């Protein structure tokens, strides 16, 4: 929903920012030259949080006794990174860099992520007008009160 608002040609936040600096509107999702970068920005943003959690967990699992031993042996920061940290997070780097592993894992969970379907959904949503009463955007607020 947020991405629709950002990339809309007529009232999108990005085009409003461009207008503020004197540039004309861009059809982010209707033009092949701009739709691919727009979708790549979204996909990158979508997986960034998950990857951050995975890499934070991998870095937390680096054995501190090995880091301490390397430091006591006089290893520089770069040497400790190259010989202790990098080998410890190597399997995580390999798993996150291999798109086939990601698709296999999601497919086995029944949640295959299809970028082309997503692109079509965003492109169709971008041309939909936002309703004047915004009920479709917010939903039924009466259900939040527990009554």
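The values are calculated or read from the model by the stated rules, or taken from the named source; none is laboratory data. Remember, it's a predicted structure, so these values are computed and weren't measured experimentally. No Cβ is skipped: glycine too gets one built from the backbone with ideal geometry, and neighbour counts run over all protein chains shown.
Taking the condition in a loop (DSSP other than H, G, I, E, B), more than 19 Å from residue 96 (Cβ to Cβ) and touching a helix residue (DSSP H, G or I) at 6+ places or on another chain (Cβ under 8 Å), does residue 30 pass?
Taking the combined requirement at face value, the residue satisfies it.
Return the total of residues in region 11-27 being farther than 29 Å from residue 96 by Cβ and either surrounded by 11 or more Cβ atoms within 10 Å (Cβ to Cβ) or touching a residue at least 24 places away in the same chain (Cβ under 8 Å) (or both).
11
Within region 1-23, can you find the residues that are modelled with pLDDT under 85 and assigned to a loop (DSSP other than H, G, I, E, B)?
Selection gives 1, 8, 9, 10, 11, 12.
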